[in-house]
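Bear in mind these aren't lab numbers, they're just calculated from the coordinates by the rules spelled out. Just so it is clear, the structure is predicted and the values come from calculations on it, not from any experiment. Positions of Cβ are generated from backbone atoms using ideal geometry, with glycine treated the same way; all protein chains shown enter the neighbour counts.
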Amino acid sequence: MPKLTIDGIEIEVEPGTSLLQACEAAGKEIPRFCYHERLSIAGNCRMCLIEVEGGPPKPVASCAMPAADKMVVHTDTPMVRKAREGVMEFLLANHPLDCPICDQGGECDLQDQAMGYGVSGSRYFENKRAVEDKNMGPLIKTVMTRCIHCTRCVRFTTEIAGVSELGATGRGEDMEITTYLEQAVLSELSGNVIDLCPVGALTSKPYAFSARPWELTKTESIDVMDAVGSNIRVDARGAEVMRILPVTNDDVNEEWISDKTRFIWDGLKRQRLDTPYIREGGKLRPASWAQALSLAAQKIKAAPPAAMAAIAGDLACAESMMALKDLWDRLGSPHLDCRQDGAKLGAASRGDYLFNSTFAGIEQADALLLIGCNPRREAAVLNARIVQRARAGHFSAASIGAPMDVNFPCQNLGAGPRTLQDLLDGRHPFAATLQAAKRPMLIVGMGALARADGAAILAAAKKLARNVGAISTEWNGFNMLHNAAARVAGLDLGLLPGAGGLDVAGMLEGAKSGAISLVYLLGADELDLSQTGKAFVIYQGHHGDAGAHRADLVLPGAAYTEKSGTYVNSEGRVQIGARAGFPPGEAREDWTILRALSESAGHKLPYDSLAALRARMIEAAPHFRHVGAVQAATPGAPAAAGSMGDAAFVSAIRDFYLTNPIARASSIMAECSALAARHSLSLNQKDQAQ
Amino acid sequence: MSVRRLCADQPASFAFSPENLDWCAKEIKKYPEGRQASAVIALLWRGQEQNGGWVTEPMIRVVGDMLAMPYIRVLEVATFYTMFNLAPRGKYLLQVCKTTPCWLRGSDEVTAVVKNRLGVEQRQVTKDGLFSWIEVECLGGCCNAPVIQVNEDYYEDLDAAKTGALLDQLARGEQPKIGSQTGRRSSEPAAGLTTLTSVAGGER
């Protein structure tokens with residue numbers, strides 16, 4: 001291991017470490033623009049210059065120079081200072097002085113470093129270079145005159161997002177960053193270039209000119225748009241969410257979030273349920289909490305336990321699901337389900353429904369089989385890990401399901417269960433690839449399980465995982481990829497039909513036939529509620545979407561930014577998000593609504609505080625104690641579960657941008673969705689033309 | 001040099017001729033599997049030749065598809081190298097050298113003749129479609145300054161009159177004498193040899 005001296009501090013670093021990293025390790029901050037830990041090294045901004053003794057008498061770009069034994073490095077000599085001042089002067093020679101109207105102001109690397117290394121005056125009196133702004137779609141605002149050509153955005157889209165959409169044309173003094181013919185950037189991760197841009201060239205279009213970073217309250221929370229559980233920071237001014245940014249968590253989302261996660265916030269302001277509503281004469285009228293709760297209690301008391309059903313939706317927090325489960329147990333109804341999409345998942349063994357290898361485990365996998373899932377649409381941040389793994393080489397990926405537009409090399413083996421059976425029987429050549437792999441990985445999506453033969457497919461997938469050695473003592477590559485943020489917590493807490501209980505399809509059927517007379521929807525919107533007959537539907541949620549549209553009684557709840565909620569991601573990682581603001585109007589935190597309802601209905605739940613409720617959750621599922629951690633689990637033995645059908649696997653997500661009520665209320669998401677639809681239409685036309 | 005952009009007026013499509021397709025296939029084969037993108041400059045150059053001397057937007061897409069490259073990567077290459085013309089040019093593209101040696105030897109008057117005779121600004125095409133011209137940096141013909149490159153050939157030792165004559169010949173469709181216009185051979189001394197005038201031990 002190389003041992004070197006940095007400003008008099010002796011330090012030993014791993015071989016291959018760059019001087020910049022070595023300086024960081026020694027506690028010396030090195031200014032930089034183009035260097036980024038998660039991107040390849042470009043070495044083009046020259047801001048990280050340092051002095052190395054014994055070398056040529058000139059400063060060295062520390063990001064691109066590997067640390068070597070016996071090097072003597074200085075980071076703060078007159079030569080270094082002068083060099084950095086010079087670089088800064090060149091950068092500022094063409095950078096506009098528009099900080100007062102720039103959205104990057106206050107969180108701008110160039111602004112900060114100009115304070116540290118800049119000089120107060122300029123020696124340049126020529127006109128500054130002006131660059132035309134480029135169209136990059138509805139999410140990224142461009143002011144290209146501000147660009148300093150660090151190429152972080154180009155490297156990000158190519159290396160992490162897996163789409164080569166951005167490039168640098170006219171390299172040289174006329175270099176410009178652009179997309180091909182100024183087409184909109186279509187990556188699901190495009191918003192991350194806004195964070196990566198060290199200046200104000202790429203900023204958030206929806207957030208433009210709306211707030212300054214220092215006037216925002218920053219709250220760390222957990223994203224619910226998918227089952228990745230990305231760590232986020234919700235920036236709010238008063239009660240209004242102004243923007244959402246990623247928080248670094250190397251185990252979960254590294255430092256990226258998907259565009260849906262980032263730009264969902266305008267949906268939090270529209271279509272909100274801010275007061276209880278009671279349906280009278282076919283129309284919903286505003287009501288008070290007292291009226292709403294007494295009506296709900298009356299209906300609950302009137303219905304026999306076997307005629308009551310409850311469905312927990314995809315965005316529900318673990319707290320509200322625990323309260324719902326306890327209430328339903330007390331009422332004596334077995335009809336309870338959290339599998340809104342009808343996925344054939346059981347809670348017999350936790351390893352059956354978790355992403356067992358963990359997301360970080362993707363880096364170790366050497367063969368991947370996707371069964372009925374499209375990670376690009378279902379978990380965009382997770383997909384970035386697969387893209388990086390594929391780029392690293394010695395990795396083969398294949399999929400079973402309808403052809404899809406994944407952005408890593410992926411062989412499509414077939415459309416449906418028959419191909420899975422072929423792999424199981426060893427008839428398909430890819431079976432040998434999986435067998436030969438040291439750490440084979442299977443990812444089963446909800447597209448393969450949310451169907452009548454889902455249980456049989458799950459059993460077959462499990463069997464295949466065992467056959468190819470994906471489940472052993474040191475490696476567990478049997479993975480389930482969920483789409484609903486609430487799903488794993490729901491399964492953990494046992495929100496499944498009890499003895500003789502009906503599942504979601506059964507409940508809806510029962511409501512149609514009249515066997516079910518009361519349906520309680522805890523934020524469940526992605527259902528066909530048109531056939532629920534005369535059943536009395538209570539909808540508890542935060543947005544006026546499908547559920548509220550059908551409901552006879554609406555109880556306004558809180559969205560994920562408005563409550564402290566526990567979520568369990570696909571890996572089984574328990575994470576708690578903090579509250580960034582209060583719910584609007586009369587809306588309340590969800591567990592308190594259920595607690596109040598239980599009292600009105602004469603079955604009082606025994607917890608009066610969030611702490612008491614969380615203690616109850618730990619009692620029900622002990623792993624809730626370990627916040628932030630994953631408790632390893634092993635899949636159970638595959639059970640005989642009927643035979644598989646013939647239908648092709650179709651990804652559970654049809655439209656990435658419109659998967660939940662918040663997204664459907666967001667105009668930004670609507671715009672993105674329309675753009676994506678236009679793009680795929682033009683691609684289809686192109687395919688047909690060929 | 002100005003900002004290099006694709007021409008606003010683009011044809012609908014581009015296709016390599018069968019002979020050029022064969023040539024491209026050979027060119028692509030020179031590179032190992034997975035490194036086909038290395039052939040991008042060769043293919044663009046061939047495409048430019050076939051297309052009357054300029055690179056079109058459809059051509060960029062065709063080359064991108066042939067090499068499995070994202071279009072933006074091909075565009076990056078096309079906008080970087082000035083040897084790719086991004087707009088239509090005349091039959092004769094005159095590149096007038098303006099770097100110091102040519103300038104000291106009178107490139108200003110050469111430029112003035114070119115500009116006045118053609119009556120168009122740089123990068124514009126004359127009405128008859130024969131000529132367009134640009135100023136360039138060093139062509140590397142300093143011994144024979146000033147120099148103009150017409151398409152692939154150098155015309156050297158120019159002055160105002162010789163430049164006019166050169167343009168006349170080109171306009172008439174004649175092939176002017178390539179190289180020095182003063183009659184000297186390559187870059188031998190302008191006033192005749194001063195050394196090596198005899199062969200050692202004998203007559204020259």
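Amide H of A:A316 versus every other amide H placed in the peptide plane: which residues, excluding those fewer than 5 positions away on the same chain, fall under 5 Å?
A:A486
Roughly speaking, what % of Cα-Cα pairs in the protein assembly as shown are separated by over 39 Å, rounded to a whole number?
54
Can you tell me what share of the DSSP beta bridges in the protein assembly as shown is antiparallel? A percent to the nearest 5 is fine.
Values: 50 of 93 bridges.
Rounded to the nearest five, the antiparallel share is 55 percent.
Cα atoms only: what Rg and Dmax, in Å, come out for segment A:360-450?
In order Rg, Dmax, the Cα atoms of segment A:360-450 give 12.2, 34 Å.
At 222 nm, what helix-only mean residue ellipticity would chain A give, in deg cm²/dmol to the nearest 500, using -39500 (n - 2.57) for each DSSP H run of four or more?
On the way: 21 runs with 199 residues, N = 690.
My calculation for chain A gives -8500 deg cm²/dmol from helical runs alone.
Over segment A:1-160, what is the relative contact order in percent, taking alpha-carbon pairs closer than 8 angstrom and at least six residues apart?
23
List the lysines whose Cα lies under 20 Å from the Cα of A:K301, skipping any in the same chain that are fewer than 8 positions away.
Output for A:K301: A:K325, A:K534, A:K604.
Share of Cα-Cα pairs in segment A:628-690 beyond 17 Å, in percent? Mind dumping the intermediate values first?
Details: 1349 of 1953 pairs.
Of all Cα-Cα pairs in segment A:628-690, 69 percent lie more than 17 Å apart.
Per residue and in cubic angstrom, what volume does the convex hull of the Cα atoms of segment B:1-109 have?
139
Let me have the relative contact order for chain A, percent, based on Cα pairs under 8 Å that are six or more residues apart.
15
On C-alpha positions alone, give me the angle between the axis of helix A:610-620 and the longest principal axis of chain A, in degrees, nearest 10.
Roughly 70 degrees between the two axes.
Cα-Cα pairs above 19 Å in segment B:114-180: how many percent?
In whole percent, the long-distance tail amounts to 29.
Reachable lysines from A:K58, Cα under 29 Å, same-chain residues fewer than 8 places away excluded?
A:K3, A:K28, A:K70, A:K82, A:K128
With Rg and the Kirkwood Rh both taken from Cα atoms, where does Rg over Rh land for segment A:428-547?
Rounded to two decimals, Rg/Rh equals 1.10.
Angle check, please: helix A:590-600 long axis (alpha carbons) against the longest principal axis of chain A (alpha carbons), in degrees 0 to 90, nearest 10.
So the inclination is approximately 20 degrees.
Only loop residues by DSSP count here, and only those with at most 11 other Cβ atoms within 10 Å; note down the GluC sites (Glu not before Pro) in segment B:10-45 that meet that.
For GluC sites (Glu not before Pro) across segment B:10-45 that sit outside H, G, I, E and B with at most 11 neighbouring Cβ atoms in 10 Å, the list reads B:E33.
Among the aspartates and glutamates, select those whose C-alpha is under 18 Å from the C-alpha of A:K438, and discard any that sit fewer than 8 residues away in the same chain.
Straight-line reach from A:K438, under 18 Å: A:E363, A:D366, A:E474.
At most 11 other Cβ atoms within 10 Å and a DSSP loop assignment: could you name the trypsin sites (Lys or Arg not before Pro) in segment A:311-412 that fit?
Here no loop site has a sparse enough neighbourhood.
I'd like to know how segment A:1-122 sits against the 2.2 N^0.38 Å rule of thumb: what's its Cα Rg over that expected value?
In units of the globular-protein estimate, segment A:1-122 measures up at 1.11.
With r defined as the distance between the Cβ atoms of A:E10 and A:F90 and R0 fixed at 45 Å, what FRET efficiency is calculated, to the nearest 0.05?
The value I calculate is 0.85.
When averaged across all projection directions, what area in nm² does the alpha-carbon convex hull of segment B:48-204 cover?
12.8
Round to the nearest 10 and give me the degree value, 0 to 90, for the angle of helix A:318-331's Cα axis relative to the longest principal axis of chain A.
On a 0 to 90 degree scale, this one is about 10.
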